[in-house]
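Asker: Next up is a structure, given as structure tokens.
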Amino acid sequence: MMHSDKTAILKNIFNKLVQLDAVEWDAIRVCIKERTFKKGAFLCREGQVEDYLSVIYEGTCRGFYNKTGEEISVAFMFANDYVSAYYSFLSRRPSLMAIQALSPVTVLSIGKTDLDRLCDTYKNAERIGRLNAERIYRRKEEREISLLTMSATERYLELRNRNPNLLQQISLKHIASYLGIQPASLSRIRKQLAE
């Protein structure tokens with residue numbers, strides 16, 4: 001049985017979007033599955049169909065694509081963030097993105113079948129799904145805009161300001177990949193900013 005404090009965190013995240021009544025929350029709560037992953041384990045592998053939409057209870061993950069043997073990081077996810085190979089989750093196609101645990105990770109997940117049933121039955125569940133899809137789209141758009149309009153230094157500063165603990169949790173190699181630069185370039189940027 002999952003501890004109520006874990007589901008309470010998920011309920012609080014949902015309640016920031018819409019106020020769930022007791023019947024709606026009970027229907028959602030029984031569909032929540034707790035999953036744990038060791039550091040380095042994959043929540044979703046490239047080529048796998050994503051079956052879950054999850055929220056990170058604890059730990060850090062990254063999403064990345066494999067481009068001719070080079071891993072291109074496109075997202076970092078932390079406690080209380082959603083984590084999913086979302087395109088695969090929606091389309092039911094094999095994922096091009098892999099999601100890997102960068103630390104031991106615990107997620108609270110809802111399966112695709114359960115989520116579809118909840119959305120068909122409860123208006124607020126469908127609304128949560130829509131609002132989360134909008135949030136995921138905004139994050140993707142913001143990343144694309146920053147890659148097209150900002151310098152590497154500006155992208156680094158924005159990332160650092162958004163998550164000051166990032167450098168303690170994620171390797172510089174992954175951060176450089178996310179910023180679209182080589183690790184040596186990131187080292188130069190960090191050195192210049194420290195002067």
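Asker: How large is the helix-only mean residue ellipticity at 222 nm for the chain, computed as the sum of -39500 (n - 2.57) over DSSP H runs with n ≥ 4, divided by its residue count, in deg cm²/dmol to the nearest 500?
Answerer: Details: 9 runs with 98 residues, N = 195.
Estimated from H runs of four or more residues: -15000 deg cm²/dmol.
Asker: Work through the residues other than residue 101 whose Cβ is under 9 Å from its Cβ and net out their charges, Lys, Arg +1 and Asp, Glu -1. All intermediate terms of the calculation are to be shown ahead of the outcome.
Answerer: Numbers: positive: 38, 39, 62; negative: none.
That sum, taken over residues with Cβ under 9 Å, equals +3.
Asker: Still on this structure, I have one more. Give the value in nm², to one decimal: projected area of the alpha carbon convex hull of the chain, averaged over all directions. Don't jump to the answer; show the numbers that get you there.
Answerer: Working: hull surface 47.0 nm².
If you wrap the Cα atoms of the chain in a convex hull and average its projections, you get 11.7 nm².
Asker: For residue 41, what residues show an amide H to amide H distance below 5 Å, using hydrogens built from the backbone and excluding near sequence neighbours?
Answerer: Under 5 Å from the amide H of residue 41 lie the amide H atoms of 101, each far enough along the sequence or on another chain.
Asker: I'd like the Karplus ³J(HN,Hα) series for the stretch 123-132: coefficients 6.51, -1.76, 1.60, θ = phi - 60°, whole numbers in Hz, and an x wherever there's a Gly or Pro.
Answerer: 4, 5, 5, 5, 5, 4, x, 5, 5, 5
Asker: Taking amide H positions as placed 1.01 Å from N in the peptide plane, with prolines and chain starts having none, which residues 5 or more places from residue 79, or on another chain, fall under 5 Å of its amide H?
Answerer: 59
Asker: If I fit a long axis through the Cα atoms of helix 183-194 and take the longest principal axis of the Cα atoms of the chain, what angle between them do I get, 0 to 90°, rounded to 10?
Answerer: Once rounded, the angle reads 80 degrees.
Asker: GNM, the chain, Cα, under 10 Å: largest mean-square fluctuation among 68, 106, 149?
Answerer: Largest GNM mean-square fluctuation: 68.
Asker: So, one more: Residue 187 versus residue 39, label points 7 Å from Cα toward the beta carbon: distance in nm?
Answerer: 2.2
Asker: Once the Cα atoms of helix 112-121 and of the chain are each reduced to a long axis, what angle between those two axes, in degrees from 0 to 90 to the nearest 10, is obtained?
Answerer: Compared with the principal axis, the helix lies near 50 degrees.
Asker: State the answer as a single residue: which of 119, 105, 23 lies farthest towards the positive end of the charge dipole of the chain, with beta carbon charges of +1 for Lys and Arg and -1 for Asp and Glu, about the Cα centre.
Answerer: Among 119, 105, 23, the one farthest towards the positive end of the dipole of the chain is 105.
Asker: Short version: ³J(HN,Hα) in whole Hz for each residue of the stretch 145-160, in order, from phi by Karplus 6.51 cos²θ - 1.76 cosθ + 1.60 (θ = phi - 60°), x for Gly and Pro, what are they?
Answerer: For the stretch 145-160, the Karplus curve yields 4, 5, 5, 8, 10, 10, 6, 4, 5, 5, 5, 5, 4, 4, 5, 5 Hz.
Asker: Sticking with this one: Quick one: what are the phi-derived ³J(HN,Hα) couplings along the stretch 10-25, Karplus 6.51/-1.76/1.60 with θ = phi - 60°, whole Hz, x for glycine and proline?
Answerer: Calculated HN-Hα couplings, in order: 5, 4, 5, 4, 5, 5, 5, 8, 8, 8, 8, 7, 4, 5, 4, 5 Hz.
Asker: What size of dipole, in debye to the nearest 20, comes out for the stretch 4-124 about its Cα centre when the only charges are +1 on Lys and Arg C-beta atoms and -1 on Asp and Glu C-beta atoms? Could you put the intermediate results ahead of the total?
Answerer: On the way: 16 positive and 15 negative charges, 37 e Å.
In total the dipole reaches around 180 debye.
Computed from the coordinates by the stated procedures, all read-outs in this text should not be read as laboratory data. All of these numbers come straight from a predicted model, not from anything done at the bench. No Cβ is skipped: glycine too gets one built from the backbone with ideal geometry, and neighbour counts run over all protein chains shown.
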